[in-house]
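Scroll down for the structure; my scribbles are underneath it.
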Amino acid sequence: MAKKLLIVDDQPGIAKTIASIARRLGLEFRAVHDPRLAVAEFIEYQPDIVILDMIMPELDGIDVLNEIALTGQPAKIVLTSGYGNAYLALAAGVARFHGIETPPMLRKPFRSSELEALLGAAAGSC
């Protein structure tokens, strides 16, 4: 059975790129562009892996990560951001607070090979 990936990114072009790589890796996937819908989709879809953008309108990635962690539903998390490392470090702290292993972090813009390696590793460890 294929591993399931939930893509949470407000930029459809980025989500499309991630989806293309997920398809190559044999992952099933869904994308959510509105972060306010991310937790409901997470609960319903029950993904093995979540790739989560940190900077989004209305609700940022820190809030989404916190809400996902509070569900108690296990998933590997991969964080992405085009902003500074401080924001990614804060997200890593939130993950540790909830007992989630420190998520891999991918800075935007990223290379396809970097994303493919991270998703492959995450899929292999679920």
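Each value in this text was obtained by applying a stated rule to the coordinates, not by laboratory testing. The model shown is predicted, which means the values in this text are computed figures rather than measured ones. Neighbour counts run over all protein chains shown; Cβ positions are idealised from the backbone, glycine included.
With the checklist (1) farther than 15 Å from ASP9 by Cα; (2) touching a Ser or Thr at 6+ places or on another chain (Cβ under 7 Å) in hand, flag the one item THR71 doesn't pass.
(2)
Return the only residue of ALA38, ALA22 being of a type in the set (A, V, I, L, M) and without any contact (Cβ under 8 Å) to a residue 40 or more places away in the chain.
Exactly one of ALA38, ALA22 is of a type in the set (A, V, I, L, M) and without any contact (Cβ under 8 Å) to a residue 40 or more places away in the chain, namely ALA38.
Do we have any residue at all in the stretch 73-89 that's surrounded by fewer than 21 Cβ atoms within 10 Å (Cβ to Cβ), farther than 19 Å from LEU106 by Cα and touching a His at 6+ places or on another chain (Cβ under 8 Å)?
So far as the stretch 73-89 goes, no, none of its residues is surrounded by fewer than 21 Cβ atoms within 10 Å (Cβ to Cβ), farther than 19 Å from LEU106 by Cα and touching a His at 6+ places or on another chain (Cβ under 8 Å).
Between a residue in the stretch 102-123 that is in a helix (DSSP H, G or I) and any residue that is among the polar types (S, T, N, Q), which pairs come within a Cβ distance under 8 Å, given they are 6 or more apart or on different chains?
The qualifying pairs are SER112/THR17; LEU115/THR17.
Restricting attention to the stretch 1-19, which residues are assigned to a loop (DSSP other than H, G, I, E, B) and either closer than 17 Å to LYS76 by Cα or free of Cβ contacts under 8 Å to residues at least 12 places away in the same chain (or both)?
Matches in the stretch 1-19: MET1, ALA2, LYS3, ASP9.
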